[in-house]
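What follows is one structure encoded as C-alpha cells, with my remarks underneath.
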Amino acid sequence: MEFIPAQLQPSPMTMAIVVCTISALWWMDRGAVLRGNGGGWAADKLFRTIFLAVYSSVFFLPVWRLVLPPQLLLVVLAFYLPSYLNGCEQREGRNSMHVQTHWIWHWLKRRMNLKLHFEEELDPAKKYVFGVHPHSILPWGSIVNLLTDVNNKESNGFHDKFSFTQLHAGGASVCFCIPVYRELCLAGGCIEATRPVMDKALEQGKSIMIVVGGAAEAMHAFPGTNTLILKKRYGFVAMAIRNGADLVPVYSFGETDAYDQVDLSRVPVIGSLRERWTRIFGTTLPMVTNIIPLKCDCTTHVGRPIPVERDPDPSPEKVEALLQIYMAEIQRIFDENRPKCP
C-alpha cells in the first residue's frame with residue numbers, strides 16, 4: 001500500500017485575498033495612507049469602509065454573532081457607518097465633557113499618582129503648541145493631566161481658563177480607523193495629527209498638544225528610562241512658526257514606568273517587522289507585559305512658553321534655531337526637576 005502525501009493547493013479566493021492584502025500594504029506604505037495622506041476624499045472613505053468591514057469581520061462579528069443574529073449586526077454596522085465616515089477628526093473633533101470628566105481618570109490618577117505643575121501661568125487668550133515628552137507606550141500622564149480635570153486645583157484652575165474644546169491632542173491617523181477606539185479618542189479631545197488638521201485648529205485660535213516622539217519613541221520606552229526622539233522633529237516647530245503659536249515644553253517624569261515591554265530590538269527579523277509596521281500604520285506594536293498601567297509616580301511639568309513670531313514660510317535655518325532653543329528648555333526642565341521626582 002502506497003501513501004501519497006496530500007498537496008495543499010490554496011483556493012483562488014485565498015490567493016486573491018493574499019494578493020489584495022499584499023497590494024494594500026504596499027500601497028499604504030508607499031502612499032503613507034495611515035500617516036496622514038489618505039489620497040483624496042474618495043480614496044480615504046473607500047479605505048475606511050474596507051477597513052471597517054475587515055476589522056469587524058475579524059474582531060467583532062465572531063463575538064457579536066453569539067448574541068445577535070447576523071442580519072441585525074449588519075444593521076448596526078450600517079447605522080454606525082455615517083458616524084465612522086464623518087471625518088470630524090479632520091475638522092473640529094468631537095469632545096465629550098462626560099468622557100473628559102469621567103471617574104475612570106480619577107482612578108488612574110490614584111493608580112499612577114499623577115501630579116501636575118506649571119512653571120508659569122498661561123494666557124487663555126493665546127494659542128499654544130504643547131510638545132509632550134516622553135511618548136511611553138501610552139502617554140497617560142500628559143493626557144490625563146492636560147485633557148481632563150483631575151488636577152484642576154493643582155494647576156490653579158487650568159481647565160477653568162482653557163475649556164475642553166480649546167485644547168486638542170493630535171493622534172495617529174490609524175487611531176481614527178479602529179471602531180470604538182476611534183470614538184473614545186474623539187470624545188477625549190483628540191484630532192488627527194496631520195499638518196492640514198493641526199494648522200486648521202491653530203488658525204481657529206485653539207491650542208494643540210503633540211506627543212513629539214511618536215511611535216518610534218514608544219519602542220524605546222522601558223521602566224526607568226528617559227529616551228527622547230527629538231533632534232530631527234522639525235514639523236511641530238515649523239507648525240508653531242507658521243501659526244504664531246508659542247511653544248510649551250512638557251515633560252512627564254515616571255511616564256515610562258507605567259508599562260513594561262519585551263525588548264525585541266535585538267531580534268533582527270522581529271525588529272525589522274516592527275519598523276515596517278510603524279512605517280505603514282504610523283503606530284508601534286509593542287509586546288507589553290501588562291495592559292493596565294502599573295502603579296507608579298508620574299509628575300507632569302509644564303515649562304515656560306517659548307515666544308514664537310509668526311512666519312507663514314519659515315526657512316529651515318529658522319526652524320532649526322527654534323528647535324535648538326526648545327531642546328535646551330526640555331533639558332533644563334529635566335535637569336531641574338528630575339531630582340525632585342520619585
For this session: At 1.4 Å probe size, with no ligands or nucleic acids counted, give the accessible surface of Phe334 in Å², nearest ten.
Result: 50 Å²
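Rg over Rh of the range 280-342, using C-alpha atoms and the Kirkwood radius, what does it come to?
Working: Rg = 17.6 Å, Rh = 15.8 Å.
Rounded to two decimals, Rg/Rh equals 1.12.
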Seminar exercise, completed: A student asked for the Cα radius of gyration and Dmax of the range 193-342 in angstrom ought to give 17.1, 46
Problem set entry | Euclidean distance between Cα centres, the range 93-127 to the range 298-339, Å | 22 Å
For this session: Could you go through the range 126-132 in sequence order and give the Karplus-derived ³J(HN,Hα) for each residue, using 6.51 cos²θ - 1.76 cosθ + 1.60 with θ = phi - 60°, rounded to whole Hz, and x for Gly and Pro?
Result: 9, 10, 10, 10, 8, x, 9
Exercise. For Asp246, which sequence-distant residues (separation of 5 or more, or a different chain) have an amide H within less than 5 Å of its own amide H, given hydrogens modelled in the peptide plane?
Worked result: Lys127, Val129, Val308
Seminar exercise, completed: Residues whose built amide H sits under 5 Å from the amide H of Asn226, excluding neighbours closer than 5 in sequence, are none
Seminar exercise, completed: For the range 161-249, the convex hull over Cα atoms projects on average to an area in nm² of 7.0 nm²
Problem set entry | Viscosity 1.002 mPa s, 20 °C: Kirkwood-radius Stokes-Einstein D of the range 74-218 over Cα pairs, µm²/s | 135 µm²/s
Problem set entry | Hz values of 3J(HN,Hα) by residue in the range 90-98 - Karplus curve (6.51, -1.76, 1.60), Gly and Pro given as x | 9, 10, 9, x, 8, 4, 10, 4, 5
Exercise. Just from the alpha-carbon atoms, what are the Rg and Dmax of the range 104-158 in angstroms?
Worked result: 11.8, 34
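The values are calculated or read from the model by the stated rules, or taken from the named source; none is laboratory data. Model, not experiment: these values are computed from the prediction. Protein only, heavy atoms only, side chains kept; ligands, DNA and RNA dropped before computing areas. Shrake-Rupley method; radii C 1.70, N 1.55, O 1.52, S 1.80 Å.
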